[in-house]
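Only one structure is covered here, and it is reproduced in the block below.
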Amino acid sequence: MSNQTWIEIYKAGLQRYTMEQLRQIPAPGVWSLGQLYNHVILTALDYLDKVEMCAAAREEQSLGKTEGGEHLFQLGGFPPVKIKLPDGPENSPSNSDSKEDLMQGLDQVMKRMKEWEGKINQLNPNCKVKHDGFGWLNARECFALVDMHFRHHLRQKKELERELGISE
């Protein structure tokens with residue numbers, strides 16, 4: 001499936017939710033659907049910013065991925081486990097975005113993805129940016145993270161929908 005397909009899945013889900021469902025936190029320490037959406041959108045935009053940084057870079061980088069980064073790209077995605085982010089405001093997604101805000105965010109991600117799709121393979125693979133967890137990544141790898149991250153959170157999205165009694 002393409003990146004746009006994953007985003008369309010998220011958009012279709014978003015249209016089905018009420019604002020109450022979107023903001024309901026099912027249990028302590030668990031994100032609401034709205035927080036999940038906010039997280040995947042902001043993370044995708046961050047990865048796409050890194051694509052742009054790679055494209056603008058003029059200096060090549062010989063450093064590579066961390067062991068975790070190598071493993072992630074060998075798997076072709078995040079492992080099917082829950083990943084607990086460290087506590088802190090940067091890891092506490094907003095729960096106040098409206099459905100329209102989230103839809104606009106998904107549209108923005110899709111637009112930027114389409115802009116890069118045709119150009120991504122023409123970029124110098126040795127121009128890289130540092131990702132805190134995965135090491136030095138080039139534009140193609142940063143671009144691939146968008147897809148991997150949306151796919152990774154589909155399981156969480158389905159779990160939240162089940163807990164809230166939302167059927168497909």
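Structure notes:
- Verdict on Lys128 being in contact with a strand residue (DSSP E or B) (Cβ under 6 Å, 6 or more places away or on another chain) and more than 28 Å from Pro28 (Cα to Cα): yes
- Among the residues listed as Leu154, Leu164, Leu123, Leu102, the single one being among the hydrophobic types (A, V, I, L, M, F, W, C) and surrounded by 20 or more Cβ atoms within 10 Å (Cβ to Cβ): Leu102
- Residue pairs whose Cβ atoms lie under 7 Å apart, sitting 6 or more positions apart in sequence or on different chains, and linking a residue in the stretch 71-97 that is open to solvent by less than 50 Å² (accessible area, probe 1.4 Å) to a partner that is part of a loop (DSSP other than H, G, I, E, B) and modelled with pLDDT under 75, are Asn91/Leu85.
- Residues that are farther than 16 Å from Arg112 by Cβ and surrounded by 14 or more Cβ atoms within 10 Å (Cβ to Cβ), drawn from the stretch 1-25: Ile9, Gly13, Leu14, Tyr17, Gln21, Leu22, Arg23, Gln24, Ile25
- Verdict on Ser62 being touching a helix residue (DSSP H, G or I) at 6+ places or on another chain (Cβ under 6 Å), open to solvent by 30 Å² or more (accessible area, probe 1.4 Å) and of a type in the set (Gly, Ala, Ser): no
- With respect to the conditions (1) at pLDDT 95 or above; (2) assigned to a helix (DSSP H, G or I); (3) more than 16 Å from Trp31 (Cα to Cα), Trp136 lacks only one, and its number is (2).
- Against the conditions (1) at pLDDT 95 or above; (2) assigned to a helix (DSSP H, G or I); (3) among the polar types (S, T, N, Q), Asn121 satisfies every one except (1).
- So Arg23, is it under 18 Å from Glu159 (Cα atoms) and of a type in the set (Lys, Arg): yes
- Selection within the stretch 105-116: residues that are in contact (Cβ under 8 Å) with a residue 60 or more places away in the chain and over 15 Å from the mean Cα position of the chain (by Cα). The member of this set that is least open to solvent (accessible area, probe 1.4 Å) is Trp116.
- Any hit, the stretch 26-39, residues being within 18 Å of the chain's Cα centre (by Cα), open to solvent by less than 30 Å² (accessible area, probe 1.4 Å) and among the β-branched types (Val, Ile, Thr): no
- Scanning the stretch 83-102 for residues that are at pLDDT below 95, out of contact with any His (no Cβ under 9 Å at 6 or more places or on another chain) and not in a loop (DSSP other than H, G, I, E, B) turns up at least one hit.
- Residue that is nearest to Leu145 (Cα to Cα), among those in the stretch 40-51 that are open to solvent by 30 Å² or more (accessible area, probe 1.4 Å) and in contact (Cβ under 8 Å) with a residue 12 or more places away in the chain: Lys50
The values are calculated or read from the model by the stated rules, or taken from the named source; none is laboratory data. Note that the structure is a prediction, hence the values are computed from the model and not measured. Glycine gets a Cβ as well: all are built from the backbone with ideal geometry, and neighbour counts include every protein chain shown. With ligands, DNA and RNA removed, areas are computed over all heavy atoms of the protein, side chains included. Shrake-Rupley method; radii C 1.70, N 1.55, O 1.52, S 1.80 Å.
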